[in-house]
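Read through the structure below, which is laid out as structure tokens, and then see the notes.
The values are calculated or read from the model by the stated rules, or taken from the named source; none is laboratory data. Since the structure is predicted, the reported quantities are computational estimates derived from the model, not experimental observations. Cβ placement follows ideal geometry from the backbone for every residue including glycine, while neighbour counts extend to all protein chains displayed.
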């Protein structure tokens with residue numbers, strides 16, 4: 001908690017920039033963490049996970065959904081362009 005709130009505000013103060021500069025950079029990550037946590041909670045309430053195989057499958061599916069959501073909604077266009085340079089099947093899009 002200290003590193004998420006105090007350190008960014010203090011760093012901004014030391015650098016004489018607006019206090020919210022680093023907080024705004026953290027904000028999308030916090031939102032996606034909450035969304036992904038809600039998805040995992042809903043999944044756990046809908047599906048009884050009673051063995052390791054199902055746990056791995058559901059975890060993998062949630063991971064893929066999370067990556068897709070972050071790529072579509074969470075990344076800036078320059079970040080998407082950078083990743084497309086390293087992922088061959090995204091180069092054509």
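Quick one: in the range 45-54, which of the residues that are at pLDDT 90 or above and touching a helix residue (DSSP H, G or I) at 6+ places or on another chain (Cβ under 9 Å) is surrounded by the fewest Cβ atoms within 10 Å (Cβ to Cβ)?
Looking at the filtered set, the residue picked out is 48.
Looking at the range 55-66, which of its residues are under 19 Å from residue 28 (Cα atoms) and surrounded by 11 or more Cβ atoms within 10 Å (Cβ to Cβ)? It would help to see each step written out before you state the result.
Step one: filter the range 55-66 for residues under 19 Å from residue 28 (Cα atoms), giving 62-66.
Correct list: 62, 63, 65, 66.
Name the pairs: first residue in the range 49-66 and without any contact (Cβ under 8 Å) to a residue 12 or more places away in the chain and on the phi > 0 side of the Ramachandran plot, second residue exposed (fewer than 13 other Cβ atoms within 10 Å of the Cβ) and part of a helix (DSSP H, G or I), Cβ to Cβ under 6 Å, at least 6 apart or on different chains?
none
Within the range 68-86, can you find the residues that are under 20 Å from residue 32 (Cβ atoms) and loosely packed, with under 11 Cβ neighbours inside 10 Å?
Listed by number, the residues that qualify are 68, 72, 76, 77, 78.
What do you reckon, is residue 33 surrounded by fewer than 13 Cβ atoms within 10 Å (Cβ to Cβ) and assigned to a loop (DSSP other than H, G, I, E, B)?
Values: surrounded by fewer than 13 Cβ atoms within 10 Å (Cβ to Cβ): yes; assigned to a loop (DSSP other than H, G, I, E, B): no.
Spelling it out, it is not the case that residue 33 is surrounded by fewer than 13 Cβ atoms within 10 Å (Cβ to Cβ) and assigned to a loop (DSSP other than H, G, I, E, B).
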